[in-house]
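S.K.: Mind having a look at this structure? Questions to follow.
None of the figures in this text is laboratory data; all of them are computed from the coordinates on show. Bear in mind that the values here come from a model prediction, so they are computed numbers and not experimental data. Backbone-built Cβ (ideal geometry, glycine too); neighbour counts: all protein chains shown.
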Amino acid sequence: MRTIIHVSDLHFGRVNPAILAPLVMFIRGAKPDLVAVSGDLTQRARTREYLAAREFLRSIPFPQIVVPGNHDVPLHNVFSRFVRSLNRYRRYIVDDLQPFFCDDEIAVVGVNTARALTWKDGRINRRQLRTLRTKFQEVPPGRTKIVVTHHPFDLPADTHGRVVGRSRLAIKTIAECQVDLLLAGHFHIADIGYTAKRYNIPGYSALIVSSGTSTSTRGRGQPNSLNMICIEQSTIRIQRHVWRPEAQLFETLTVERFHRSSSGWIRE
């Protein structure tokens, strides 16, 4: 079995400081095989925010897949936005914008969907999809395959906005690679859905898992949250843990189980 902690939209510069130490304690107590961070580590891509995000990540002594979000691209400094869009991210967080993790049970590819031109809305390009395909082609059979992006491939329930640009082209490649799980954030709304709801690909349906903001004060009607994802052969269990300020800890809110069928992943 493999355990993944999925956090998102940390927004250092707009965090609730009371959450940080309990969150680190929770993750350390869970002893995950991997921590997935699906973007927006900072609020305005400032150096001090990146330094705080780096300190937070260094306090979590487990393998990590981290991708940037649109807030990690400078907004107000036009020169930095277009010429040095992710320079600080690559300097302070990680230089690899398409990170990869693989062990005996899971294979995970991170994809940068943040763009200087669109800023809020993300995109995937053909070069990224070629790299994604190459990495998954090298994975031995039997691994559960996972993609981590900031912008999601479908909207969380009761949410208005846009999915990641070129999503239909991307989903075609993702389906050909038989990816099982898509992790994302962006909307600060926790939700679980299926690719089959939006994309009609016969015999294929991956899980789309969105995380709420794990540390930001911008909760958009939901408490701060994270996902604990437990993967064992043909089953996936997803636990949503939410911040309870009165108890100063993260507690389990929901537990959902899924299993692999001939047409894709379905809820038990």
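S.K.: Report for the chain the percent antiparallel among DSSP-assigned beta bridges with both residues inside it, nearest 5.
M.R.: Percentage antiparallel, nearest 5: 60.
S.K.: Sticking with this one: Give me, ordered by chain and number, the residues 5 or more places off Asn224 or on other chains with an amide H under 5 Å from its own placed amide H.
M.R.: Trp243
S.K.: Output ³J(HN,Hα) for region 183-199: one whole-Hz value per residue in order, computed from phi by the Karplus curve 6.51 cos²θ - 1.76 cosθ + 1.60 with θ = phi - 60°, and x for Gly and Pro.
M.R.: These are the phi-based 3J(HN,Hα) values: 9, 7, x, 6, 8, 6, 10, 7, 6, 10, x, 10, 5, 5, 5, 9, 10 Hz.
S.K.: Add -39500 (n - 2.57) for each DSSP H run of 4 or more in the chain, then divide by its residues: what number comes out at 222 nm, to the nearest 500 deg cm²/dmol?
M.R.: -6500 deg cm²/dmol
S.K.: For Asp180, enumerate residues with amide H under 5 Å from its amide H, sequence gap 5+ or separate chain, H modeled in the peptide plane.
M.R.: Counting only residues 5 or more places away or on other chains, the set is Lys145, Ile146.
S.K.: Then there is this: For His11, enumerate residues with amide H under 5 Å from its amide H, sequence gap 5+ or separate chain, H modeled in the peptide plane.
M.R.: Counting only residues 5 or more places away or on other chains, the set is Leu41, Thr42.
S.K.: Let me ask you something else. Read phi for every residue in region 251-268 and hand back ³J(HN,Hα) as whole Hz from Karplus 6.51 cos²θ - 1.76 cosθ + 1.60, θ = phi - 60°, with x for Gly and Pro.
M.R.: Once rounded to whole Hz, the list reads 10, 5, 9, 9, 9, 10, 10, 9, 9, 7, 10, 5, 10, x, 7, 9, 6, 7.
S.K.: Right, next: Under 14 Å from the Cβ of Ala30, count the other residues' Cβ atoms, weight Lys and Arg +1, Asp and Glu -1, and hand me the total.
M.R.: Charge balance in the 14 Å sphere: +3.
S.K.: Step through the residues of region 10-18 one at a time and calculate ³J(HN,Hα) from phi using the Karplus curve (6.51 cos²θ - 1.76 cosθ + 1.60, θ = phi - 60°), rounding each to whole Hz and writing x for Gly and Pro.
M.R.: My calculation for region 10-18 gives 5, 6, 4, x, 9, 8, 8, x, 5 Hz in order.
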